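First the structure, in the form of structure tokens, and then the observations on it.
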Amino acid sequence: MTVADYLDIAAQKREARDKAFIGEWLIPDDALPQKDVKDVLTWAINSGYLAKREVAITESTLDELSEKIKNREWTAYEVAMAFCHRASIAHQLVNCLSEVFFKEGLQQARELDEYYEKTNQLKGPFHGLPISLKDNFNVKGQATTIGFVGFSFNPEKFESESLLVSKLRELGAVFCFKTNVPVAMMMPESTNHIYGNTVNPFNRATTSGGSSGGECALGALLGRCYLGLGSDIGGSLRIPASLQNLFTLRPSSGRFTTYGARSGLPGLESVASVNGPISTTMENLEFYCKNIVNHGEQWLVDSKCLEIPWREVILPEKLTVALLKDDGIVKPYPAIARALDQVEHSLKLQGHEVIGWNPLHHDRLTKLIGAFFLSDGGKHCKEYLNLTGEPVFDYMKPYESASDLPVSELWDLQTERTRLCNEYLAQWNKTCERTSSGKPIDAIITPVSPYSGVGIDKFRYIGYTAVFNALDWAAGTIPVTRVDKRIDKKDEMYEPRNMMDARTYDEYDADEVDGCAASVQIVCKRLQEEKVVKMMKTVSRIVGTHDYWSSSK
């Protein structure tokens with residue numbers, strides 16, 4: 001097909017999406033903040049376009065919303081209206097939405113109100129609670145492009161939906177839209193030829209990250225009601241969450257169903273793509289995890305889902321944490337280093353123990369992940385790109401030039417990965433020799449990436465997250481601080497250790513990323529999601545960011 005073909009198809013798709021917005025909610029361009037206004041985090045609630053009741057609704061947690069709906073103070077329809085209105089404004093600020101189905105979502109909410117009126121029973125723990133979805137989740141009656149122009153109308157509407165979506169719908173959740181992703185969900189920035197780039201509301205000159213960038217950019221603008229679902233195969237939950245100072249959980253494979261979602265690399269089994277929640281509050285995150293695991297019974301209909309209920313975890317009074325400040329490959333930016341120092345100081349101040357962590361096999365495990373991504377020779381991505389002949393983004397060039405990996409070589413890589421993972425686990429267990437308790441550490445705290453904000457097209461390195469995808473360990477992110485260009489200055493005397501390190505650090509510009517987010521990652525072993533969540537809650541309280549989104553941002 002010609003270049004005009006892919007451009008025309010993309011334009012038709014954008015037009016179809018834009019027609020789904022509610023006209024009375026659209027703000028005139030001249031009334032929106034101009035491009036030179038970088039920080040738009042509080043614009044939606046300070047602009048006057050949201051009614052006081054809409055602000056009150058969207059600044060309530062899921063627990064609070066559920067209680068209000070149960071007590072008939074707010075209806076599910078009112079909650080969905082406020083959610084959609086604020087999301088519409090968010091989209092105009094950062095370009096975060098892909099599929100828009102406000103009217104269908106509002107109708108679903110109205111039906112839930114009618115159900116409650118007739119039966120005096122809530123449909124389930126998510127009754128009337130709106131949940132945002134990353135674009136890869138199939139929703140009945142809607143499209144799923146995952147950034148490919150060739151998927152714009154292919155199919156135009158799905159006849160079935162992802163198992164997680166249908167389970168949540170059964171439990172009363174409301175769905176009104178999906179959010180933007182990069183092509184194939186395999187780039188660290190959320191851009192594609194259909195919808196363009198989603199920018200970061202902390203600083204709109206910087207990227208929202210990928211591949212759950214649309215989700216996280218929306219989440220930072222949607223208030224304390226926000227609970228979104230994303231996916232992660234190399235850092236796609238944690239990277240954008242960290243760039244927007246959000247809480248997220250990357251679970252081990254098997255805790256949350258992935259069945260029925262659309263993938264840019266279908267059939268890839270060497271490294272698992274997992275689904276996880278993203279939120280502005282830990283309360284919302286925990287609410288989701290407990291209820292979808294304990295009430296969803298996903299394992300009855302997904303053979304890969306593990307029948308493990310959400311368990312209660314009791315942490316020791318004195319935590320022992322291993323801290324990784326630098327993986328020896330790419331140096332973190334100054335604000336990330338400062339965030340790690342702040343976490344370490346806060347923990348020690350309250351009597352917790354902090355020891356160092358050796359980044360064992362980080363470089364090799366990250367390279368193995370990259371090899372697994374390309375093991376089909378880029379066949380699937382090339383096939384989907386060729387549907388319209390759309391050009392390849394630079395980030396996707398490796399898929400264009402990749403060759404099929406022979407099965408024998410793939411098996412050898414998987415064998416190597418298993419050995420490295422066992423050695424990593426042994427290192428964790430051996431920390432008992434270095435702790436005052438004589439027991440292994442409770443968690444590892446690391447950077448999420450080298451970046452405390454990064455300019456468009458400058459995201460280079462995923463090693464801090466991909467290593468834990470290789471291990472399939474549970475990990476989450478918590479907010480710590482923001483970049484301050486007066487403090488977070490480049491170390492002009494730093495001598496890079498390799499080409500990636502040199503390029504990454506050379507591109508650091510304190511003025512460019514001023515005001516951006518700085519988060520950290522908390523990691524526990526495989527299938528320790530409950531422990532990660534408990535650690536996230538505890539450490540964020542110790543650092544003072546547990547209620548980050550209700551205070552000044």
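The values are calculated or read from the model by the stated rules, or taken from the named source; none is laboratory data. If you're wondering where the values come from, they're calculated on a predicted model, not measured in any experiment. Backbone-built Cβ (ideal geometry, glycine too); neighbour counts: all protein chains shown.
Of the residues screened, residue 429 is one that is more than 23 Å from residue 348 (Cβ to Cβ), without any contact (Cβ under 8 Å) to a residue 60 or more places away in the chain and either among the acidic types (Asp, Glu) or touching a Pro at 6+ places or on another chain (Cβ under 6 Å) (or both).
What number of residues in the range 305-339 are part of a loop (DSSP other than H, G, I, E, B) and in contact with a strand residue (DSSP E or B) (Cβ under 6 Å, 6 or more places away or on another chain)?
Kept after step one, since they are part of a loop (DSSP other than H, G, I, E, B), are these residues of the range 305-339: 305-319, 324-333.
Filter once more, so that each one left must be in contact with a strand residue (DSSP E or B) (Cβ under 6 Å, 6 or more places away or on another chain): 324.
Total satisfying the criteria: 1.
Of the residues making up the range 516-544, those that are surrounded by fewer than 24 Cβ atoms within 10 Å (Cβ to Cβ), part of a loop (DSSP other than H, G, I, E, B) and not charged (D, E, K, R) are 527, 528, 544. The residues listed here are 465, 446, 431; of these, the one that is surrounded by fewer than 23 Cβ atoms within 10 Å (Cβ to Cβ), among the polar types (S, T, N, Q) and assigned by TED's automatic domain parsing to the domain that holds residue 356 is 431.
Can you say whether residue 247 is in contact with a strand residue (DSSP E or B) (Cβ under 6 Å, 6 or more places away or on another chain), touching a residue at least 60 places away in the same chain (Cβ under 8 Å) and under 25 Å from residue 453 (Cα atoms), as far as the supplied structure shows? For residue 247, the condition - in contact with a strand residue (DSSP E or B) (Cβ under 6 Å, 6 or more places away or on another chain), touching a residue at least 60 places away in the same chain (Cβ under 8 Å) and under 25 Å from residue 453 (Cα atoms) - is met. Pairs under 7 Å by beta carbon, first residue under 13 Å from residue 379 (Cβ atoms) in the range 393-407, partner surrounded by 11 or more Cβ atoms within 10 Å (Cβ to Cβ) and among the polar types (S, T, N, Q), six or more apart or different chains? Correct list of pairs: 405/375. Being surrounded by 15 or more Cβ atoms within 10 Å (Cβ to Cβ) and acidic (Asp, Glu) is a description that applies to residue 59.
Residue 254 meets all of the listed conditions (1) surrounded by fewer than 24 Cβ atoms within 10 Å (Cβ to Cβ); (2) touching a helix residue (DSSP H, G or I) at 6+ places or on another chain (Cβ under 7 Å) but one, namely (2). In the range 408-426, the residue that is surrounded by the most Cβ atoms within 10 Å (Cβ to Cβ) out of those that are over 29 Å from residue 187 (Cβ atoms) and touching a residue at least 40 places away in the same chain (Cβ under 8 Å) is 425. Please pick out the residue among 451, 461, 494 that is over 25 Å from residue 538 (Cα atoms), within 17 Å of the chain's Cα centre (by Cα) and assigned to a loop (DSSP other than H, G, I, E, B). Testing whether each residue is over 25 Å from residue 538 (Cα atoms), within 17 Å of the chain's Cα centre (by Cα) and assigned to a loop (DSSP other than H, G, I, E, B) leaves just 461. Under the condition of being more than 28 Å from residue 371 (Cα to Cα) and part of a loop (DSSP other than H, G, I, E, B), which residue from the range 262-301 is nearest to the chain's Cα centre (by Cα)? Ranking the candidates gives 280 first. Contact annotation: no residue pair with Cβ atoms under 6 Å, 6 or more positions apart or on different chains, pairs a residue in the range 272-286 that is on the phi > 0 side of the Ramachandran plot and of a type outside the set (Val, Ile, Thr) with a partner that is part of a strand (DSSP E or B) and crowded, with 23+ Cβ neighbours inside 10 Å.
Filtering the range 382-415 to residues that are within 24 Å of residue 364 (Cβ to Cβ) and either more than 29 Å from the chain's Cα centre (by Cα) or not in a helix (DSSP H, G or I) (or both) leaves 402, 403, 404, 405, 406, 407, 408, 409, 411, 412, 415. Within the range 471-491, is even one residue crowded, with 19+ Cβ neighbours inside 10 Å, farther than 26 Å from residue 182 by Cβ, assigned by TED's automatic domain parsing to the domain that holds residue 538 and touching a Cys at 6+ places or on another chain (Cβ under 7 Å)? Looking for residues that are crowded, with 19+ Cβ neighbours inside 10 Å, farther than 26 Å from residue 182 by Cβ, assigned by TED's automatic domain parsing to the domain that holds residue 538 and touching a Cys at 6+ places or on another chain (Cβ under 7 Å), one finds none in the range 471-491, hence no. Touching a helix residue (DSSP H, G or I) at 6+ places or on another chain (Cβ under 8 Å), modelled with pLDDT of 95 or more, within 30 Å of residue 377 (Cβ to Cβ) and not small (Gly, Ala, Ser): does that describe residue 281? So residue 281 does not fit the description; no. Select from the range 329-358 the residues that are within 21 Å of residue 430 (Cα to Cα) and surrounded by fewer than 20 Cβ atoms within 10 Å (Cβ to Cβ) and list them in ascending order. Of everything in the range 329-358, those that are within 21 Å of residue 430 (Cα to Cα) and surrounded by fewer than 20 Cβ atoms within 10 Å (Cβ to Cβ) turn out to be 352, 353, 354, 355, 356, 358. If you go through the range 15-47 and keep only what is charged (D, E, K, R), surrounded by fewer than 14 Cβ atoms within 10 Å (Cβ to Cβ) and under 28 Å from the mean Cα position of the chain (by Cα), you end up with 15, 18, 19, 35, 36.
Only one of the listed residues (167, 103) is over 23 Å from residue 237 (Cα atoms) and not in a strand (DSSP E or B). That residue is 103.
If only residues of the range 234-251 that are within 20 Å of residue 310 (Cβ to Cβ) and among the aliphatic types (A, V, I, L, M) are counted, the one that is surrounded by the fewest Cβ atoms within 10 Å (Cβ to Cβ) is 249.
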